[in-house]
Amino acid sequence: MKRYTAILLALLMIVSMFTFASCGSANDTVENLEATYSQEYAGTTLNVFNWGEYISDGSEGSLDVNKAFENATGIKVNYSNYDSNEAMYAKMKSEAVSYDVVIPSDYMIERLINENMLQKIDMSKITNYKNISDEYKGLYFDENDEYSVPYSVGMVGLIYNTTMVDGTPDSWSIMWDGKYKDNILTFNNPRDAFAISQFLLGIDLNTTDKADWDKAADKLKEQNKVLQGKVMDQVFNKMQGGNAAIAPYYAGDFLTMQSINEDLAFVYPKEGTNIFVDSACIPANAKNYEAALMYINFLLEPEVALANAEYICYATPNMAVLNNEEYSLKDSEVLYPAEENKPKTQYFHDLDADIRSYYEKLWEDILRES
Amino acid sequence: MKKRGWGSVALNAPYTVWSVIFIVVPLFIVGYYAFTDKNGAFTFANIIELKEYGDIFVTSVWYSVLATVICLLISYPFAYFLSRQSEQSRRLQMMLVMLPMWMNLLIRTYSWMNILEKNGIINNLLAGIGLEPIKMIGTPGAVIFGMVYNYLPYMILPIYTVMSKIEPSLLEAAEDLGCNGFNKMRRVIMPLSLPGVISGITMVFVPSVSTFYISQKLGDGKIMLVGDAIERQMQAAYNYNLGASISLVLMIMIIISMAVMNKFSDEEGGLVI
């Protein structure tokens, strides 16, 4: 008996070795790029703080961007993740650690600039900035393009399971439809969840009128009755497994879900939707400014940006990628809707602390009633 | 008090330094935040605001008590019978008890999401034998189950340890002196195993009452426990002061309940945990 167990274990170990070995084959150098990056800062460390699963990391044969940067510059990348803008802000604010590159979203960049937590980026060093589409230059949170370099772009849309939903929904109102009771999901974060109710009620996402927030909150409380739950990354499990019929989520993530469950479809509701841009920034207390510039420039390299766009599946602001024939998502209607299909969009703006704590309070009431 | 030599001071130093830096100082920081406002001025406002969290405290304590009781009901008889078995069988079964703990709590809980889902493994099995699906995920039952599943070994271990130290001769003596099975249990085994039960209860109740991950994942974001409230204040709402005051009250509640438990075990002549 014992001997069989030992043989079984040995077999398992061999199998697992092969599985790991297949991951090791990822390429981690970008030809030609090595020569264009100086080794001047070799041996220093660069602290990068980014969203989870938001960079090509070498899995499944993709480019390991951080490794490639290390090879090209000799700079050691110390990479860590966060899962929300607010968590990133809390970490930066605590000043327990200093980061050299962070990649927050638009409204958070606005807040960081207002609170003097970012420093200007020396654009003369970002030679690849020319790759950024004009569409994403001069955005509201950084009108003169001094503090941020666009990294990835996305919109929220409605994901639904065609086997469970009748017809083609075109409005956020389906998320209140009693017919799909217990099959509807929504975001488990206040800003995104409120946005849907705000679009439906025709309220500006960035309203500073508390009565507007109250109205949107009432609408969300009403929604509690038909919701299966409020989720963030569990949405993948739920939608891929057919455990829920309707969920709002980010367009890029829909592509990931659809690749696993073909019954899923996606629509931008007619009331409009939230658009976001995540951009690379350098915190005011960064310790390795020059290396940070190199890193940001590196992210804009056509090959690197292509690898990231393929890996993340979000829309890219990088023209060099969009014009590249090899880019597999180039024709995706979900990421790049044709001009006539483009939804109405609104950015989040940073709201002042008073409104923030007001809607947080409302959100907590909504959570408790569910 | 016995005077201690330099040797024992030196040997104690590593942990003393550790606990001061990582336990005592953070406690003071929590206390500081709980009694100050955003500008650092002294205030009771955070504590007063807690009255709105009364229902959440009640829910958390109630779920944790249920989870603890269920763990105890499962563990006690199991630990007893296990302690009476052969060395080899004990070793194997203890390993099975510990096995899930080789995996991270987050991964275990995430797996349970898939098992308890609407179209999850259990409901698929039910459908396979022609039964109606059961709604599991997103219910209080799922959250309590998650607590029981994750913390059960913490109940089994201490009870098993004390049980296996009970001398068989004591049980034989009880029988010789005319105890029937029930009396043997009540008068000999229970009092002797009490310290293990007390520490098991503490080790299950404390992590259960402060959990946030289990309730988030198995509760579909619909069940808010104290841990979730703290996490939300610290991470999303960025209100360290309120978060700290909730934590402080939670800690005080835990300390009081542990003190009560210890008192209880003292009176019964057991050991102080």
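The values are calculated or read from the model by the stated rules, or taken from the named source; none is laboratory data. Remember, it's a predicted structure, so these values are computed and weren't measured experimentally. Here the Cβ positions follow ideal geometry from the backbone for every residue, glycine too, while neighbour counts run over all protein chains shown. Heads up: the accessible areas ignore ligands, DNA and RNA and are worked out on the full protein's heavy atoms, side chains in. Shrake-Rupley method; radii C 1.70, N 1.55, O 1.52, S 1.80 Å.
General remarks:
- Extent of chain B along its three principal axes (Cα atoms, max minus min coordinate, largest first): 73, 71, 32 Å.
- Electrostatic dipole magnitude of the stretch B:1-115 [Cβ: Lys, Arg +1; Asp, Glu -1; Cα centre; debye, to 20]: 700
- Inter-label distance, nm, simple model (7 Å from Cα along the C-beta direction), B:TRP6/B:ARG108: 4.7
- P(r) of the stretch A:163-205 over all Cα-Cα pairs, binned every 5 Å from zero, in whole percent: 5, 20, 26, 25, 15, 7, 1
- Straight-line reach from B:LYS184: taking Cα to Cα under 23 Å and skipping same-chain neighbours fewer than 8 places apart, the lysines in range are B:LYS165.
- Long-range tail of P(r) for the protein assembly as shown (Cα pairs > 47 Å, %): 26
- If you take the Cα centroid of the stretch A:245-320 and the Cα centroid of the stretch A:184-243, the two points sit 22 Å apart.
- Unsatisfied cross-links (Cα-Cα over 25 Å) in the set A:LYS181/B:LYS222; A:LYS137/A:LYS342; A:LYS137/A:LYS219; A:LYS93/A:LYS344: A:LYS137/A:LYS219; A:LYS93/A:LYS344
- Options B:THR211, B:MET101, B:LEU66, ranked by Cα towards positive dipole end of the stretch B:20-267, top entry (Cβ charges): B:MET101
- Taking the protein heavy atoms of chain A in the context of the full set of protein chains, the accessible area attributed to carbon and sulfur is 51 percent at 1.4 Å.
- Computing FRET efficiency as 1/(1 + (r/R0)^6) for A:LYS125 and B:SER86, where r is the C-beta to C-beta distance and R0 is 60 Å, gives about 0.25.
- Mean residue ellipticity, 222 nm, helices only, chain A: the sum of -39500 (n - 2.57) across DSSP H runs of n ≥ 4, divided by residue count and rounded to 500, is -11500 deg cm²/dmol.
- Of all lysines in the structure, the ones whose alpha carbon falls short of 19 Å from that of A:LYS91, not counting any fewer than 8 places away in one chain, are A:LYS287, B:LYS38.
- Lys/Arg +1, Asp/Glu -1 at C-beta; the protein assembly as shown dipole; positive extreme among B:ILE255, A:ASN114, A:TYR268: B:ILE255
- Residue among B:ARG187, B:ARG232, B:ARG84 with the largest mean-square fluctuation in a Gaussian network model of chain B, springs linking Cα atoms under 10 Å: B:ARG187
- Equivalent ellipsoid of the stretch A:210-298: semi-axes from √(5λ) of the C-alpha gyration tensor, largest first, are 34, 22, 13 Å.
- Positive-end residue, chain A charge dipole about Cα centroid, Cβ charges, pick of A:LEU63, A:GLN228, A:VAL277: A:GLN228
- Heavy-atom accessible area buried between chains B and A is around 2400 Å² (1.4 Å probe, both sides summed).
- About the Cα centre, charge dipole magnitude for chain B (Lys/Arg +1, Asp/Glu -1 at Cβ), debye: 460
- Positive minus negative residues near B:ILE134 (Lys, Arg vs Asp, Glu; Cβ under 14 Å): -1
- Only Lys, Arg (+1) and Asp, Glu (-1) charged, at Cβ; the protein assembly as shown dipole about Cα centre in debye: 3460
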